[in-house]
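Here is the structure we will look at, set down as structure tokens.
The values are calculated or read from the model by the stated rules, or taken from the named source; none is laboratory data. Predicted model only: the values in this text are computed from it and were never measured. Here the Cβ is made from the backbone with ideal geometry for all residues, glycine too, and neighbour counts use every protein chain on show.
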Amino acid sequence: MKENAYLILDIPMRLLEEQVMRKLPNADVIVRGVSDTELGHVIAFKSSVLTTTVRPSPLLFIRIPGTFATKPVREHERYKLQMDCNVIHAGNVYDGSLIDFSLAGVGISTLIEPEFNVGESVTIECPLSHYIGEENRCVIANIKKLAKGWVVGIKFASSIEMTHELKTELLEQSFLTSNV
């Protein structure tokens, strides 16, 4: 490790109080964050403050920690896809596109405003449906409004098994998506 190395953290203006900033040097801090990896790792470490500054913007200078703790947010890898699908809820059919697939659930984009809520059951119709299984309940995990449409996160009641056939299909579809 380099001598005199440090991390710089930007402090939001709304958290800035000069009295608090003056008391920070040598204070112990725990930093937690989420990395932008395929599984979305949570990273945390304990360190101490070297110094602070408020001009030109509020910054914390933190000693480089000796160890980092990491843990994946997701248990299963996500495969980015682009295939037509339908979400069926209470007799309504929502046309959409399957945009990601994991052993725990799927992400679907749609231009139609969903009339279902988080926690409700739906049926998914797509070329990968037979891997999910008819008896495996699909439940709405989240709904996000985008500039053009919505993204619906759907989790499976039971994680599905990664078979050789499913893996081959996912890799083929992922390859086709990346070449579009």
> Name the pairs: first residue in region 88-112 and within 11 Å of VAL151 (Cβ to Cβ) and in contact (Cβ under 8 Å) with a residue 24 or more places away in the chain, second residue buried (at least 21 other Cβ atoms within 10 Å of the Cβ) and among the polar types (S, T, N, Q), Cβ to Cβ under 7 Å, at least 6 apart or on different chains?
Replying inline: none
>> Can you say whether ILE143 is out of contact with any Leu (no Cβ under 6 Å at 6 or more places or on another chain), over 30 Å from PHE45 (Cβ atoms) and touching a residue at least 12 places away in the same chain (Cβ under 8 Å), as far as the supplied structure shows?
In response: yes
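Any residue in region 70-90 that is closer than 30 Å to LYS155 by Cβ, among the β-branched types (Val, Ile, Thr), at pLDDT 85 or above and in contact with a strand residue (DSSP E or B) (Cβ under 7 Å, 6 or more places away or on another chain)? Break it down into steps so the answer makes sense when it comes.
Going through region 70-90, the residues closer than 30 Å to LYS155 by Cβ turn out to be 70-90.
Restricting the remaining residues to those that are among the β-branched types (Val, Ile, Thr) gives 70, 73, 87-88.
If we keep only those that are at pLDDT 85 or above too, we end up with 87-88.
Now restrict to residues that are in contact with a strand residue (DSSP E or B) (Cβ under 7 Å, 6 or more places away or on another chain): 87-88.
Yes, some residue in region 70-90 is closer than 30 Å to LYS155 by Cβ, among the β-branched types (Val, Ile, Thr), at pLDDT 85 or above and in contact with a strand residue (DSSP E or B) (Cβ under 7 Å, 6 or more places away or on another chain).
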> So how many residues does region 84-101 have that are within 15 Å of ARG137 (Cα to Cα) and within 22 Å of the chain's Cα centre (by Cα)?
Replying inline: 1
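Given the structure, is ARG32 of a type in the set (Lys, Arg), more than 17 Å from ILE140 (Cα to Cα) and modelled with pLDDT of 85 or more? Write out each step before concluding.
Details: of a type in the set (Lys, Arg): yes; more than 17 Å from ILE140 (Cα to Cα): yes; modelled with pLDDT of 85 or more: no.
In short, no.
Would you please name the residue that is surrounded by the most Cβ atoms within 10 Å (Cβ to Cβ), looking only at residues in region 128-180 that are touching a Cys at 6+ places or on another chain (Cβ under 9 Å) and assigned to a strand (DSSP E or B)? First the steps, then the outcome.
Of the residues in region 128-180, the ones touching a Cys at 6+ places or on another chain (Cβ under 9 Å) are 128-129, 132, 154-157.
Adding the requirement that they be assigned to a strand (DSSP E or B) leaves 154-156.
Values: ILE154: 21, LYS155: 16, PHE156: 19.
Ranking the candidates gives ILE154 first.
In the list GLY119, GLY153, which residue meets the criterion of being at positive phi, under 21 Å from the mean Cα position of the chain (by Cα) and not β-branched (Val, Ile, Thr)? Give the derivation first.
Numbers: GLY153 fails: at positive phi.
Exactly one of GLY119, GLY153 is at positive phi, under 21 Å from the mean Cα position of the chain (by Cα) and not β-branched (Val, Ile, Thr), namely GLY119.
Within region 77-92, is even one residue closer than 30 Å to ILE30 by Cβ and either assigned by TED's automatic domain parsing to the domain that holds VAL31 or of a type outside the set (S, T, N, Q) (or both)? Before you say what the answer is, go through the steps one by one.
From region 77-92, those closer than 30 Å to ILE30 by Cβ are 77-78; that's our starting set.
Remaining after also requiring either assigned by TED's automatic domain parsing to the domain that holds VAL31 or of a type outside the set (S, T, N, Q) (or both): 77-78.
The answer is yes; a qualifying residue exists.
Check region 62-72 and report whether any residue there is of a type in the set (Val, Ile, Thr), in contact (Cβ under 8 Å) with a residue 24 or more places away in the chain, crowded, with 16+ Cβ neighbours inside 10 Å and more than 24 Å from ILE160 (Cα to Cα). Full working, then the answer.
Start the filter on region 62-72 by keeping residues that are of a type in the set (Val, Ile, Thr), which leaves 62, 64, 67, 70.
Filter once more, keeping what is in contact (Cβ under 8 Å) with a residue 24 or more places away in the chain: 62, 64, 70.
Of the ones still in play, those that are also crowded, with 16+ Cβ neighbours inside 10 Å are 62.
Those left that are additionally more than 24 Å from ILE160 (Cα to Cα): 62.
Yes - at least one qualifying residue is present in region 62-72.
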> Scanning for something modelled with pLDDT of 95 or more and of a type in the set (D, E, K, R), does region 101-124 turn up at least one residue?
Replying inline: yes
